[in-house]
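Q: Before I ask anything, let me first share the structure, which is written out below as structure tokens.
The values are calculated or read from the model by the stated rules, or taken from the named source; none is laboratory data. None of the values given here were measured: they were computed from a predicted structure. Using ideal geometry, Cβ is built from the backbone for each residue, glycine included, and neighbour counts are taken over all protein chains shown. Each accessible area value is taken on the protein alone, full model and side chains, heavy atoms only, with ligands, DNA and RNA left out. Shrake-Rupley method; radii C 1.70, N 1.55, O 1.52, S 1.80 Å.
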Amino acid sequence: MEMVDERAEEAKPEVVLVARKGGFGLPTACPVCLPVYCHLRFANVDFKLEFDRANPDSDHIPYVEYGDYVTFNNEKGGVIECLNEDNVVKLDSELSKDCFPDWASTKVMISTWLAEAVQYELWVSCDNTIADDVYFSDLPWPIGKILHWKQTQAVKQLHGITKLNAAEKEEEIYRKANIAYEALSMKLGSQVFFFEGRPTSVDSLFLGHAVFVLHVLPETSVLRSSLSKHANLLRFVQDFKIRFLEDGYSSATGPAFSSDASSSSVPRRKRSKQNAKPKPKEKRERTEEEKAFRRRAKYFIAAQVVSIIIYLSILGGMGDSGLEDGDEDGLTYEE
């Protein structure tokens, strides 16, 4: 029987969470990946954590693999929702009907008001360094700058932010976030979990959000200041951060966090060839074809560098002209 059980255990597929890389003392520094990580920890799922460095701006990250089963972040409301609907991880399956309306409204509040506030601080109000560290630090500088600008414009468009209404939109975003923190603090009270004395996806969503706000956003963050006013929410974060995040992140042999060398949070760099002493070789005169090929390669690289510089200059000019046009429109309306 023991032999059969061991074989069955070996045949069981491994759960793999693919997320953005770690940083700031966290297993993953991505605000979208952290709730999924916490969800698997709350469900006591043994899983392996891997990092996807090739698609830093893709909306399919994070995703979970379990044998032939894969669920992506851009499917059916996100990974947590898919895991619940597909009966893979069922933290919410035993909720009573009486608490369901309150649970659903709380979950929506975290997924909208608080998630939007994090988006705003990360891409609009904070400096570029934090978002670049989380998403683009492994990319060449010009590509990272272009992707950052693209994401900033997408967030502004999503929230309808222009130069004319920027202050009003910011006030609205922070007002909703303050209401959400106040409601969550009242709901949690002195309890360990938000609903029925056990973890649900609400706990996963809030813990992932709060850990990001407190440990990744800067000290000048308005969200960080607002969250810090609620002692019971800070207690909730501290208790589960120690149990779920610090222990799992500090030990690669732990049951819920493992990482191979290829997925380390520190990028591996190859030794520079310039520092190595070249071995003497017999010199051979290049053919005319080789000389022509090298000339074309140099022209191609130079053209690429120039085109990137021109593109960034044009983007900056477009942004300035757009703001100036907005000002002129505003003056016209006032008249």
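Q: If you take the residues of the range 85-110 that are assigned to a helix (DSSP H, G or I) and acidic (D, E), which of them is most open to solvent (accessible area, probe 1.4 Å)?
A: Applying the filter and picking the extreme gives E85.
Q: Something else now. Please determine whether any residue of the range 126-147 is open to solvent by less than 40 Å² (accessible area, probe 1.4 Å) and outside any helix (DSSP H, G or I).
A: yes
Q: For the range 224-238, which residues satisfy the criterion of being part of a helix (DSSP H, G or I) and surrounded by fewer than 24 Cβ atoms within 10 Å (Cβ to Cβ)? So that I can check it myself, show each step before the final result.
A: First pass over the range 224-238, keeping only residues part of a helix (DSSP H, G or I): 224-227, 231-238.
Scanning the range 224-238 gives R224, S225, S226, A231, N232, L233, L234, R235, F236, V237, Q238.
Q: Of all residues being open to solvent by less than 70 Å² (accessible area, probe 1.4 Å), more than 23 Å from the chain's Cα centre (by Cα) and of a type in the set (D, E, K, R) in the range 171-223, which is farthest from K241 (Cα to Cα)? Just the residue, please.
A: E172
Q: Just the residues that are open to solvent by 40 Å² or more (accessible area, probe 1.4 Å) and touching a residue at least 60 places away in the same chain (Cβ under 8 Å), please, taken from the range 45-62.
A: Hits for the range 45-62 are D46, K48, E50, R53, D57.
Q: Given the conditions (1) closer than 20 Å to L223 by Cα; (2) open to solvent by less than 70 Å² (accessible area, probe 1.4 Å); (3) assigned to a helix (DSSP H, G or I), which single one is not true for W113?
A: Result: W113 passes all but (2).
Q: Are there any pairs, at least 6 apart or on different chains, whose C-beta atoms fall under 8 Å, with the first in the range 207-229 and in contact (Cβ under 8 Å) with a residue 60 or more places away in the chain and the second surrounded by fewer than 17 Cβ atoms within 10 Å (Cβ to Cβ) and among the aromatic types (F, W, Y), and if so, which?
A: If the second residue must be surrounded by fewer than 17 Cβ atoms within 10 Å (Cβ to Cβ) and among the aromatic types (F, W, Y), the pairs left are H215/F24; V216/F24.
Q: If you don't mind, another one. Quick one: count up the residues across the range 148-160 that are touching a residue at least 40 places away in the same chain (Cβ under 8 Å) and either surrounded by 14 or more Cβ atoms within 10 Å (Cβ to Cβ) or of a type in the set (D, E) (or both).
A: Residues meeting the conditions: 3.
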